[in-house]
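Notes for the one structure printed next.
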Amino acid sequence: MIIYGTNGSHRRTQALPGLACPACATPDALHLSVFSRYTHIYWVPLFPYSKPVAGQCGHCQRVWEEKELPGELKPLATALKKETSAPWWQWVGLALLALGIGWALIANNQDEKDNAAYLAAPQVGDVYTVRSQDSVGAAQYSLLKVVSARGNTVELVTNEYVTNDVHPLSRLNDPEKYSRVPFSLTYLDLQVMLNKGELTDVDRLGQ
Ligand SMILES: [Zn+2]
């Protein structure tokens, strides 16, 4: 369950000298207050979405919500709203989300660069994650391990297990789980598999 809601905080109050209260006629007792309303998720403010304004008389305590403000207060309320911004902390949730997405993009980009670099110069012990489809079209993953690399050819052994885990390394990378019989692929074959999305990750263990 996601705990989600809204809340508000007071931003500023401004006195309105020179005006008399429309209710009790007391001069210089009116003031306007601006609030900032925001959404929150798990009590972390996400983003502000409105700035309600209200008028009050300090003498008779009469309060006017924004839409029932007396006519002469309306332009003052509009001006006050315009020069009042939401506090920075009401944007914290959205800023954290943006940072998280940015971090994920950078990490993903670095991972792709590493994959391309490792694949261009294979080393014994490199482990490739390969994707295939089962009989009903669902993705399944397994591993290939480099056992020798010379010229532009690599020899690989096939992991004899598959999993639906996108990152099968921890589950499958056990020497007992690999075939004893190697087969060959060229660097070009590997590049084609990468481009087709059949080879989804390269791990150089210990790095
Ligand atoms: Zn009053």
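No value in this document is a laboratory result; all are computed from the given coordinates. Bear in mind that the values here come from a model prediction, so they are computed numbers and not experimental data.
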Which of the lysines could a cross-linker bridge to LYS145, judged by Cα under 29 Å and excluding same-chain residues fewer than eight apart? LYS113, LYS177, LYS196
Determine by what factor the alpha-carbon radius of gyration of segment 144-207 differs from 2.2 N^0.38 Å, reporting the quotient. 1.13
If you line up the long axis of helix 92-120 against the longest principal axis of the chain, both from Cα atoms, how many degrees apart are they, to the nearest 10? 20 degrees
Per-residue [θ]222 nm for the chain (sum of -39500 (n - 2.57) over DSSP H runs n ≥ 4, rounded to 500): -8000 deg cm²/dmol
Stokes-Einstein D for the chain, Kirkwood Rh over Cα pairs, 20 °C, 1.002 mPa s (µm²/s): 94 µm²/s
Distance between Cα centroids, segment 169-187 to segment 1-61: provide it in whole Å. 66 Å
For segment 4-95, what log10 I(q)/I(0) values come out of the Debye formula at q = 0.23, 0.24, 0.26 1/Å, with one point per alpha carbon and no solvent? -1.03, -1.09, -1.22
So the angle from the long Cα axis of helix 187-196 to the longest Cα principal axis of the chain, reported in degrees to the nearest 10, equals 40 degrees
